[in-house]
Amino acid sequence: MNSVDGPAKILVVDDEPDLELLIRQRFRHKIRSNELTFEFAGNGVEALRKLSMDADSYDMVLTDINMPEMDGLSLLVKIKEQFAHHKAVVVSAYGDMENIRTAMNRGAFDFITKPIDFTDLETTINKTIAEIRLIRQGQVARQKLAETILAKEIAELERLKAEQSEKFKQQFLANMSHEIRTPMNSVIGLTNLLVKTQLDDQQKKYLNVIKKSSENLLVIINDILDLSKIEAGKMVFEKTPFFVAESLDTVFHTLQFRSDEKKLAFAIDIKPNVPHALLGDPVRLNQILINLAGNAIKFTEKGSVTITADELSRNGDQSIIEFAIRDTGIGIAEDGLNKIFESFSQASNDTTRKFGGTGLGLTISKQLIELQGGSIYVSSELGKGTTFSFKIPFHIASEQESGAGKDEATEINRDDLKGLRILLVEDNPFNQMVAVDTLNDLLPEPFIEVAENGLEAIHHLSAADFDVILMDIQMPEMDGFEATRKIRQDLPAPKHMTKIMAMTANVTKDEVDNCFSSGMDEYIAKPFDPQDLLGKLWKLKFKV
């Protein structure tokens, strides 16, 4: 299509040889200034040939009616059939109104009478060019609008496709987590119970291997779920008061057993300039430190692992804290440093074979640090050790905030929970056994009834009183969400206020949110830590 702001190009179709000279003479100024260009054809056949070669370059056709080979009326029919977007103006004698009427019926835009009045011709050309360019502007606008609409539709389809893909991914991960955690709960729970029985040295050795392997598998599951949350933009960070020394003490005691096993010197070094209390996410900080220090212990055969905390700078109430984890382990080759933070990557295949792991831990740690406005660095020398350093900006907690953020330590007296009446709602027979045996081991003389689904749970609660309901989520006939809602809505007082704790293998945020929104009071993930279970039972029993 010819440009809407370039020179107008007109195809003149007439068998009179003098007409070309007259037109070029009349419009010489506009031709010279590149406002108009003309091409000429002696009849309709020649005109169609020119149009067929480059139809889009012409703005209008000016055609006589009476010509040899193909007259103007026949040409109009062909133009209408083949070049519908062109405007044609016919030239005919004033007395030949019948032909003019026929031409207009065949699609002519306007007409000029002979002998040609060139002022009238110029007016007609200007009017025709203005009309065709207005139409072309509309066509361009419609095309752009159609392209914009199409682009938006494609973008929306891509967005919906991405959302659906992410939804399927999240659902797959949730299902995978649940399906793996359910048998893991049995393995870890029964192993913990079995360790407390009379065992010979070889049995203890085998059980410790089972326990460690189960815990490693659980770490891998949690890493995959964390990575999924980060990629989906669903990672949320708390901003609560915490004590730096307490956080590092937790990390130390979590990893001390592993360092003692390898006879490593394991130490914490908090510099005097580090603020006593900070505002941030202590859970994620501990996760990063345990990940990095755990790796340091794993890759160190002899020597030491040290965690250092130091304040790099302070501006008002904001402090940038640097944590460094130094080891004397195997080190990382220079060519391995570039990919150490990549997902599912380790320094070398030999490292993966010898020490195991998915390589996700460092990726997750890096992203957790950067999402909090921090950065992480690594320096290493092969065979001599590695140092991971990271810095995160924190706000310094005031005395009032740090006092409010610290819960009073509560010494749990098991005798306070003597005779606790518990309704366990669980459909998996192995997990029933783990829960019942663990509760009998934790509590003095508990009363425990078992229901295999939510419907049975409502029948049990209708017939007897319980202090706490331990509610699984995914069950046949009636799941834990529906059972909880029915207990809250349908049962009379005070049964409808019975404390309910979710005990589920699905640990996604949506699942946890659904637990509380359905009316549950507490939540514990499978596989559960017995001491965590004890603390939450005490809280449900004695705290409103």
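The values are calculated or read from the model by the stated rules, or taken from the named source; none is laboratory data. Quick caveat, the model's predicted, so the values are computed rather than measured. All Cβ positions, glycine included, derive from the backbone under ideal geometry; neighbour counts span all protein chains shown. What goes into the accessible areas is simple: the full protein's heavy atoms, side chains included, and nothing from ligands, DNA or RNA. Shrake-Rupley method; radii C 1.70, N 1.55, O 1.52, S 1.80 Å.
Checking the conditions here, which among 105, 99, 66 is among the polar types (S, T, N, Q), over 20 Å from residue 21 (Cα atoms), over 60 Å from the mean Cα position of the chain (by Cα) and open to solvent by 70 Å² or more (accessible area, probe 1.4 Å)?
105
Within segment 296-311, can you find the residues that are at pLDDT 95 or above and either among the acidic types (Asp, Glu) or within 18 Å of residue 280 (Cα to Cα) (or both)?
Hits for segment 296-311 are 309, 310, 311.
For segment 476-484, check the following and say yes or no: at least one residue is within 17 Å of residue 540 (Cα to Cα) and among the aliphatic types (A, V, I, L, M).
no
Please specify each residue of segment 268-289 satisfying the condition of being open to solvent by 40 Å² or more (accessible area, probe 1.4 Å), in contact (Cβ under 8 Å) with a residue 24 or more places away in the chain and over 18 Å from residue 370 (Cβ atoms).
Hits for segment 268-289 are 268, 269, 270, 271, 273, 276.
Please determine whether any residue of segment 29-40 is open to solvent by 60 Å² or more (accessible area, probe 1.4 Å), part of a helix (DSSP H, G or I) and either within 24 Å of residue 140 (Cβ to Cβ) or touching a residue at least 60 places away in the same chain (Cβ under 8 Å) (or both).
No, segment 29-40 contains no residue that is open to solvent by 60 Å² or more (accessible area, probe 1.4 Å), part of a helix (DSSP H, G or I) and either within 24 Å of residue 140 (Cβ to Cβ) or touching a residue at least 60 places away in the same chain (Cβ under 8 Å) (or both).
Quick one: how many residues across segment 390-408 are open to solvent by less than 100 Å² (accessible area, probe 1.4 Å), farther than 22 Å from residue 287 by Cβ and modelled with pLDDT under 65?
Final tally of qualifying residues: 2.
If you go through segment 170-181 one residue at a time, do you hit one that is among the acidic types (Asp, Glu), out of contact with any Gly (no Cβ under 9 Å at 6 or more places or on another chain), surrounded by fewer than 16 Cβ atoms within 10 Å (Cβ to Cβ) and outside any helix (DSSP H, G or I)?
no
Can you tell me which of (1) open to solvent by 10 Å² or more (accessible area, probe 1.4 Å); (2) of a type outside the set (Val, Ile, Thr); (3) closer than 20 Å to residue 253 by Cβ is the one residue 316 doesn't meet?
Single failed check for residue 316: (3).
I'd like to know if segment 280-287 contains one or more residues that are closer than 28 Å to residue 394 by Cα and charged (D, E, K, R).
Yes: segment 280-287 contains one or more residues that are closer than 28 Å to residue 394 by Cα and charged (D, E, K, R).
Can you confirm whether segment 103-121 contains a residue that is touching a residue at least 60 places away in the same chain (Cβ under 8 Å) and among the aromatic types (Phe, Trp, Tyr)?
Looking for residues that are touching a residue at least 60 places away in the same chain (Cβ under 8 Å) and among the aromatic types (Phe, Trp, Tyr), one finds at least one in segment 103-121, hence yes.
What's the total number of residues in segment 357-380 that are more than 20 Å from residue 321 (Cβ to Cβ) and at pLDDT 90 or above?
1
Considering only residues that are closer than 21 Å to residue 392 by Cβ and of a type in the set (Asp, Glu), which ones fall in segment 288-326?
310, 311, 317, 322
How many residues, within segment 41-63, are crowded, with 16+ Cβ neighbours inside 10 Å and in contact (Cβ under 8 Å) with a residue 40 or more places away in the chain?
The number of residues fulfilling the criteria is 8.
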